[in-house]
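Chemist: My structure is below; once you've seen it, I'll send some questions.
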Amino acid sequence: TNSTVTAKVPYDGVAAIGGGVDDKNTYHVKIENSVVSATAGMYYGAAIGVSHTGTVGNIEIINSVVTAKGGNQAAGIGGGPKTNVGNILIQNSTVTATGGDGAAGIGGGAENKVSENDKVTIIGSNVHASGGTGTVHNGRQGTAFPIRNHNGDDITLTKITLQGVSRD
């Protein structure tokens with residue numbers, strides 16, 4: 001809260017902000033009234049969220065400016081490969097989120113485990129989210145944003161709420 005943070009991870013499998021390698025915990029991240037730049041390592045770690053072994057709980061970004069770049073197979077904001085999406089709230093913020101190859105900018109990583117409990121809520125924010133390109137793992141791509149994956153196929157996440165949002 002009320003901070004300027006730059007988090008860059010030189011290691012694979014670790015989120016820049018959130019969970020790391022062989023970490024089975026559930027992570028909750030709250031960024032409020034802050035400016036944050038987060039970059040994960042080359043593989044498996046979300047910039048903000050978890051790597052391939054953690055569980056995303058709640059990620060809240062409120063009244064902040066955030067730039068997030070996930071590692072390959074991991075979302076910019078959300079999960080790594082084979083993880084859930086969690087509950088992501090972006091409110092009154094400016095967010096640029098880029099997923100690594102095979103993952104969404106905001107939401108799930110490659111081969112994600114989206115459930116009916118996962119949701120993305122964006123209220124009064126300017127969001128630019130782009131999914132990574134590259135290999136589609138087992139025919140499944142990251143979810144949430146963008147609404148289409150790199151092949152142009154529709155991606156579905158059943159609980160996306162947008163209120164007063166501008167999207168590039």
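Chemist: I'd like the accessible area for Tyr44: 1.4 Å probe, protein heavy atoms, all chains in place, Å² to the nearest 10.
Modeler: Surface accessible to solvent at Tyr44 totals approximately 80 Å².
Chemist: If you don't mind, another one. For region 1-100, what is the convex hull volume of the alpha-carbon atoms per residue, in Å³?
Modeler: Working: hull volume 6.3 nm³, N = 100.
It comes to 63 Å³ per residue, whole-number rounded.
Chemist: Just the number, please: carbon plus sulfur as a percent of the accessible area of region 37-126, 1.4 Å probe, no ligands or DNA/RNA counted. Working shown, then result.
Modeler: Numbers: 1120 of 2520 Å².
Roughly 45 percent of what the probe reaches on region 37-126 is carbon or sulfur.
Chemist: Would you mind putting 50-61, 2-13, 96-107 in packing order, based on average other-beta-carbon counts within 10 Å, highest first? Please list the in-between numbers first.
Modeler: Details: 50-61: 24.0, 2-13: 13.7, 96-107: 30.0.
Averaged packing, sorted descending, gives the order 96-107, 50-61, 2-13.
Chemist: What fraction, in whole percent, of alpha-carbon pairs in region 1-55 exceed 15 Å separation? If you can, show how the numbers build up before the last one.
Modeler: On the way: 618 of 1485 pairs.
That fraction is 42 percent.
The values are calculated or read from the model by the stated rules, or taken from the named source; none is laboratory data. If you're wondering where the values come from, they're calculated on a predicted model, not measured in any experiment. Note: ideal-geometry Cβ built from the backbone for every residue, glycine included; neighbour counts use all protein chains shown. In case anyone asks, the SASA skips ligands and DNA or RNA and just uses the protein heavy atoms, side chains included. Shrake-Rupley method; radii C 1.70, N 1.55, O 1.52, S 1.80 Å.
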